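*Asks:* Handing you this structure, nothing more for now.
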Amino acid sequence: MDIVASVVISNSAREFDMEYHYLVPENLKDRVRPGMRVIVPFGKSDRLTEGYVLDVFELKGKNEEEEASPAPGKSSIQLKYIKKAVDEKPLLSTNMIRLASWMKDRYICTYSDALKCMLPPGIGVKSIKVVKLQKDGQSEGNGHSSGSGQPAGNDQAAGSGRAIGNDQLAGSGQPKGKNAARILQALNEAGGECEYEELKARLNIRTFSKAIKDLEEAGLISIYEEFTSRVREKTVKAAFIALPREEIIEEIESNRIRRIQHIRVLEMLLDTEYISVQDIVRFAGVSPGVLNTLKKYGYIDFKDVEVIRDPYRDRDYPRTRPLTPTPSQAAALKELRSMVDANRFHEVLLHGVTGSGKTEVYLQLIQYCLDKGRQAIVLVPEISLTPQMVERFKGRFGERVAVLHSRLSPGERYDQWRMIKDGEIKVAVGARSAVFAPFDNLGVIIIDEEHETTYKSETTPKYHARDIAKQRCMAGNALLVYGSATPSIETYYRAQRGEISLLELTERANRGLLPHTEIIDMRRELDSGNRSMFSSRLAVEIEKNIKSGQQTMLFLNRRGYASFVLCRKCGLALTCPNCSISLTYHAYDDRLICHYCGYTVKNPETCPRCKSRYIRHFGTGTQKVEEELAKHFPGCTVIRMDMDTTTYKNSHEEILTAFREKNINIMVGTQMIAKGHDFPNVTLVGVLAADGMLNTGDYRASERTFQLITQVAGRAGRGELPGRVIIQAYNTEDFSINAACRHDYKGFYSQEIRIRKKLWYPPFTNLACVILSGPYDRAVAQKAREVAKDLGDCFKDFGQSAQILGPARAPLSRIKNKFRWRIIIKCPDLEGLVSVLTHITDEYGKSRGKSNIDLSVDINPVNML
């Protein structure tokens, strides 16, 4: 009975992104299962490549239309064989394979794109060419020189290449020359085989490739490919006792072992199963040679022991106990637990003011799921994944929790993923990609700060973690909880319509009051002669906090020192040569930097155009605020937290720990400081240029302004002392700023939803952004007009109603030397929109040819630029 595997090819283009059938060779029939990776021959050249097994099934009969009389030894149908199984057990469950198929259709990507989201980075297979000496003229490798990779003994495979040692090859003679001799000698010294690149580097022969080819044709060597994962389990060399314990003790006490170094090592090993060689050398104060001597005499032996790379292994997290819930927390928990008990898919929005104790609700709900034998995923925005958040979950769940985020090394992420897969971990806390944690019995997925735009991927596949979480919870009959003090308009709209449940926490957990908030009109400050970035009111409150030993947080959503650099004589604003964006001045290294492509140049002393010395920086960034604070408040301590100060591992933790433990007077930061932090001694929050977020050309600008101000204001007064918030703006009449000042989410929502409905924006329709980009502006514009026409025709053919806006230049009209044109589509039917865009994308790919114009599609994007 033939066994067939349905395989998709890794890294294939959409044109070739489909399931291919391969026969499973006899020696792999008990091993190949869905969710595993395999090596298969692909294409006319049978190039060996990585693939994912989606299904395995028996071929129960031969269709009469297929080959009537197969040749002896051949399978009943003409299929290629799987070459090798990469994994010992499946990496992906059946549900995850189904999810990948859904993602391929929904996000117009490939199987490979979707599957890679589900696996830790670095797990991909890499190919290594190995050169091997032949013995008696026969290859002991399984390489391409001895066949196509089909099972040995199969006539089809055996006949597909020349067998090493046949008469024609045997008569070719041994190649002559020093190079051939050097290669053969090096292979002998290496034990008969060596990696191709290592051998090439070792010998440094200019005609290496030709010499290798001659030796291969002469049958003296073979070349084959080995496949291995880029990231593997980490192992260390460990020593252990090789004789019975009593025998070792007798050897020591009878003075047959006399060297004190030997005795120290043996005494250490007597009380444990094994110890790493590194630790023995360090703690026993001996050299590795001492251990080698003990091995030589049979007292000890060595083995490789796997080590888990845990980034938190050296941290001590005191265990915490559940807090007594407030009445509103208790009511919410009662509802949530009943939803878990129902054992069916359910969505709920937990809307709680800042400081209302949503995290404690999460912790007690997760514990309830664990008690039921189920597992949990908690998603938090990357910037909210603070040491304090980690401490809460580690303190409550101990070793049962894994923390997943982008700053872990590939090895650390791989080990955390593997421990989840093996059932050692029950709770995963992490950023967007943690939604793919390989649990097989999910009870709940919690999306904290569900309104955050970072939950949407801006690289292919452009998925939203909310959609993935919904699919996983539907498949596993799990509960999906959205938590936020400022829910997205779309989520709150669904709750108002009764599509999802709504639970509310209207008071702070410590029964404290929300901070007193006031708006300062910076126009009046300017009229009164105050040209500082700090209003008189804010300056007085900062001074008061410094004197009383209380802490202050200042928020400005722009990093760097200055927004742009301008020549006051000729009006030249310095822009990036690769992007249509101003360069930002960074005072730390006196450079101008593009925050889109990374282009940088030294800050010029004179104008590049008119050579005037009247060139200076304008606008304000967090670096400038930090500098101005030192001038206005001499002697105060200031710490800054933005992308420029958090570039290395653990930098977030070091800054936050310093602010808390050293009681630093003022923290200045971007939106990194707006959420996830709980500092009891912070009693004052200042929001600088609050209206600067309104002018971004995005229909969500008001929503984001309200959310950010509300979130950062919520950092004040979380302890026993009351909080104050001062919001500085020029446009003090804007409804989003005023609603944030009143902590009035419902008032903001009622006005924003009317605007969305009138202008036909989500949640009343779906948006799609089609971007065409290329090196020549005119060619991109022409192609954009063609695509817009095709879109209109396609919507008509599919019977869908849609509004197509554009094409027009994108707000960021050039990035990395590519001109960008944008088409906006509004369509109420999501499935119809996806169908049209899939058709357009695939047709564009087929007809593209050698065109250097790229087309990208984003459905319901969070970035309209």
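*Asks:* Check whether at least one residue in the range 652-674 is among the β-branched types (Val, Ile, Thr), in a loop (DSSP other than H, G, I, E, B) and surrounded by 18 or more Cβ atoms within 10 Å (Cβ to Cβ), and report yes or no. Give the derivation first.
*Replies:* Of the residues in the range 652-674, the ones among the β-branched types (Val, Ile, Thr) are 655, 657, 664, 666, 668, 670, 673.
Then drop every residue that is not in a loop (DSSP other than H, G, I, E, B), which leaves 664, 670.
Okay, now just the ones that are also surrounded by 18 or more Cβ atoms within 10 Å (Cβ to Cβ), so 670.
Yes, some residue in the range 652-674 is among the β-branched types (Val, Ile, Thr), in a loop (DSSP other than H, G, I, E, B) and surrounded by 18 or more Cβ atoms within 10 Å (Cβ to Cβ).
*Asks:* Here are some conditions: (1) open to solvent by 20 Å² or more (accessible area, probe 1.4 Å); (2) within 22 Å of TYR312 (Cα to Cα). THR454 meets all but one. Which one does it not meet?
*Replies:* (2)
*Asks:* While we're looking at this one, here's another question. Look through the range 512-542, keep the residues that are basic (Lys, Arg) and touching a residue at least 24 places away in the same chain (Cβ under 8 Å), and return whichever of them is surrounded by the most Cβ atoms within 10 Å (Cβ to Cβ).
*Replies:* Only one residue fits best here, namely ARG537.
*Asks:* Next question, about the same structure. Quick check on the range 734-764: of everything there that is in contact (Cβ under 8 Å) with a residue 12 or more places away in the chain, among the charged types (D, E, K, R) and out of contact with any strand residue (DSSP E or B) (no Cβ under 9 Å at 6 or more places or on another chain), which residue is most open to solvent (accessible area, probe 1.4 Å)?
*Replies:* Here the residue is ASP734.
*Asks:* Just one of (1) more than 30 Å from GLY598 (Cα to Cα); (2) surrounded by 14 or more Cβ atoms within 10 Å (Cβ to Cβ); (3) charged (D, E, K, R) trips up ARG820, so point out which.
*Replies:* Status for ARG820: all satisfied but (1).
*Asks:* Give ILE212, ILE221, ILE205, ILE248 a once-over and let me know the one that is within 27 Å of TYR299 (Cβ to Cβ), open to solvent by less than 30 Å² (accessible area, probe 1.4 Å) and of a type in the set (A, V, I, L, M, F, W, C).
*Replies:* Just a single option satisfies the conditions, and that option is ILE248.
*Asks:* So, one more: On the basis of being assigned to a loop (DSSP other than H, G, I, E, B) and under 34 Å from the mean Cα position of the chain (by Cα), does GLY692 make the cut?
*Replies:* On the way: assigned to a loop (DSSP other than H, G, I, E, B): no; under 34 Å from the mean Cα position of the chain (by Cα): yes.
Here the answer is no, as GLY692 does not meet what is asked.
*Asks:* Out of ALA739, ALA713, report the one residue that is of a type in the set (A, V, I, L, M) and in contact with a Leu (Cβ under 9 Å, 6 or more places away or on another chain). Before the answer, list the steps.
*Replies:* Working: ALA739 fails: in contact with a Leu (Cβ under 9 Å, 6 or more places away or on another chain).
That would be ALA713, the only listed residue that is of a type in the set (A, V, I, L, M) and in contact with a Leu (Cβ under 9 Å, 6 or more places away or on another chain).
*Asks:* Please go through the range 1-47 and give me each residue that is under 30 Å from GLY849 (Cβ atoms), touching a residue at least 40 places away in the same chain (Cβ under 8 Å) and of a type in the set (S, T, N, Q), ordered by number.
*Replies:* SER10, ASN11, SER12
*Asks:* Here's something else I'd like to know. Are any residues in the range 606-644 in contact (Cβ under 8 Å) with a residue 24 or more places away in the chain, open to solvent by 50 Å² or more (accessible area, probe 1.4 Å), within 24 Å of PHE555 (Cα to Cα) and not in a strand (DSSP E or B), and if so, which ones?
*Replies:* GLU626, GLU627, HIS632, THR637, MET643, ASP644
*Asks:* Let me ask something additional. For the range 310-332, give me each residue that is aliphatic (A, V, I, L, M) and either touching a residue at least 12 places away in the same chain (Cβ under 8 Å) or surrounded by 14 or more Cβ atoms within 10 Å (Cβ to Cβ) (or both). Please lay out each step first, then the result.
*Replies:* At the first step, the residues of the range 310-332 found to be aliphatic (A, V, I, L, M) are 323, 330-332.
Matches in the range 310-332: LEU323, ALA331, ALA332.
*Asks:* Quick check: is even one residue across the range 41-56 out of contact with any Lys or Arg (no Cβ under 9 Å at 6 or more places or on another chain), modelled with pLDDT of 95 or more, open to solvent by 60 Å² or more (accessible area, probe 1.4 Å) and at negative phi? Before you say what the answer is, go through the steps one by one.
*Replies:* First, pick out the residues of the range 41-56 that are out of contact with any Lys or Arg (no Cβ under 9 Å at 6 or more places or on another chain): 43-45, 47, 49, 54-55.
Next, from what is left, pick out any that are modelled with pLDDT of 95 or more: 54-55.
Next cut, open to solvent by 60 Å² or more (accessible area, probe 1.4 Å) only: 55.
Still in the list and also at negative phi: 55.
So far as the range 41-56 goes, yes, one or more of its residues are out of contact with any Lys or Arg (no Cβ under 9 Å at 6 or more places or on another chain), modelled with pLDDT of 95 or more, open to solvent by 60 Å² or more (accessible area, probe 1.4 Å) and at negative phi.
*Asks:* Now for a different question. Given the residues VAL7, VAL38, VAL56, which is the only one that is under 20 Å from SER93 (Cα atoms) and more than 29 Å from the chain's Cα centre (by Cα)? Full working, then the answer.
*Replies:* Working: VAL7 fails: more than 29 Å from the chain's Cα centre (by Cα); VAL38 fails: more than 29 Å from the chain's Cα centre (by Cα).
The unique qualifying residue is VAL56.
*Asks:* So GLU628 clears everything in (1) within 26 Å of the chain's Cα centre (by Cα); (2) over 30 Å from GLY352 (Cβ atoms) except one condition, right? Which one?
*Replies:* (1)
*Asks:* Go through the range 799-820 and count every residue that is within 19 Å of ILE859 (Cα to Cα) and in contact (Cβ under 8 Å) with a residue 40 or more places away in the chain.
*Replies:* 5
*Asks:* Another question, then. Suppose we filter the range 467-497 for residues that are open to solvent by less than 60 Å² (accessible area, probe 1.4 Å), of a type outside the set (A, V, I, L, M, F, W, C) and more than 30 Å from LEU538 (Cα to Cα); how many remain?
*Replies:* So the count comes out to 12.
The values are calculated or read from the model by the stated rules, or taken from the named source; none is laboratory data. What you see is a predicted model; the values in this text were computed from it and never measured. When we count neighbours, we look across all protein chains shown, and the Cβ atoms used for this are built from the backbone with ideal geometry, even at glycine. We work out accessible area using only protein heavy atoms, side chains counted, and drop any ligands, DNA or RNA first. Shrake-Rupley method; radii C 1.70, N 1.55, O 1.52, S 1.80 Å.
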